[in-house]
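Each remark here refers to the structure printed beneath this line.
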Amino acid sequence: MELRHLRYFTAVAAEGSFNRAAQRLHLTQPALSRQIRDLEEELGVPLFVRGNNAITLTAAGEIFFEEAREILARATHAVERVRGEAGGGTLRVGYAPSLTAGILPAVLEKFCGQTQRVRVELADLSTVEMLEQAGQGRLDLVLTVRLDRPGERALQWTEVRRLPLVAVMPRTHPLARLRRIPPQRLKGEAFAGYARAEYPEFWVQLRAAFKPFGFVPRAGVMADGISSLLAALQAGQDVAALPVSVTPLLPPSLVFRAFSPALPPISVVAGVPTAQPHPYAEKFIALLREAARGAAVKSRESRVERQTAEG
């Protein structure tokens, strides 16, 4: 048995799927399945109950999962000590691209320039996945939208930025001819959004935003991330209420419009595990907040320039 077998096993156990684990590990699914079968044969016990659509840990698998995580953590710590990087090592960051667009590349460049001994690992994850992995000690920092859920209570939270919501729709949509969208005009429209199971906060905040206007947004196409959400918007006539940070990601066939009156902004927060905070997490958060302030100033200046040109 080698450490890689433990990494493969913990990835499958954490993801609950051979396919997702294989993608994360950059392996093919058959190759990963063979490695897990070899491990089960060596141990002499099954580690997973394999169903049609999902897999679960056996009782032996639950025990082995706990032990394997401890072994991998000790191995990582040993490597960092040998390299003299106990104060640095790797900063593992879970994030949502739609919430960090426009600031994350600059922050990475600045952080890596100032802290050359610390390597940053980025993971594009859903909110649920971030909280699960942070709780398992596999992430040092998460960037998401906060709700009051059990998994969040083990993290210390700092607000990074506030993002106005804008209406996003195909250029051919009848409402696209308007310069600003009254929220009540979206009553009866189908809203494209993120999958409820993986992004529960999206629909909670959407309902709260439109409640003062007398309706509950009607769910349309569901997507597993920003790329598939934008593709779904291009393919149909749904609308979406998304943070303004997504606008640089929009293809030419989609447009965005400000709401009038404005909807409550989205609060983007950074969470750090309280039990074992990474020594460089706070530095990364400080750079995020600095970049967010700069982006907000540029956005305000851009709006003033547009209003001046239009007036």
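Structural remarks
- Contact annotation: residue pairs with Cβ atoms under 8 Å, 6 or more positions apart or on different chains, pairing a residue in segment 157-183 that is modelled with pLDDT under 95 and among the aromatic types (Phe, Trp, Tyr) with a partner that is part of a loop (DSSP other than H, G, I, E, B) and crowded, with 17+ Cβ neighbours inside 10 Å, are Trp157/Arg146.
- Here is the figure for segment 32-62: residues that are more than 12 Å from Val12 (Cβ to Cβ) and at pLDDT below 85 total 3.
- Residues that are more than 11 Å from Leu91 (Cβ to Cβ) and either crowded, with 20+ Cβ neighbours inside 10 Å or among the acidic types (Asp, Glu) (or both) within segment 270-281 comprise Ala270, Gly271, listed in sequence order.
- None of Val297, Val246 is within 21 Å of the chain's Cα centre (by Cα) and of a type in the set (Val, Ile, Thr) except Val246.
- Residue match in segment 233-248 (condition: closer than 19 Å to Ala101 by Cβ, of a type in the set (A, V, I, L, M, F, W, C) and without any contact (Cβ under 8 Å) to a residue 40 or more places away in the chain): no
- Residue in segment 185-198 that is assigned to a helix (DSSP H, G or I), touching a Leu at 6+ places or on another chain (Cβ under 9 Å) and under 22 Å from Gln237 (Cα atoms) present: yes
- Residue check, Val216 β-branched (Val, Ile, Thr) and part of a loop (DSSP other than H, G, I, E, B): yes
- Total residues in segment 94-111, condition among the β-branched types (Val, Ile, Thr) and either free of Cβ contacts under 8 Å to residues at least 40 places away in the same chain or part of a helix (DSSP H, G or I) (or both): 2
- Hey, Leu43 among the aliphatic types (A, V, I, L, M) and more than 14 Å from Arg69 (Cα to Cα) or not: yes
The values are calculated or read from the model by the stated rules, or taken from the named source; none is laboratory data. A quick note: this is a predicted structure, and the numbers were derived from the prediction, not measured. Methodologically, a virtual Cβ is constructed for each residue, glycine included, from the backbone with ideal geometry; neighbour enumeration extends over all protein chains shown.
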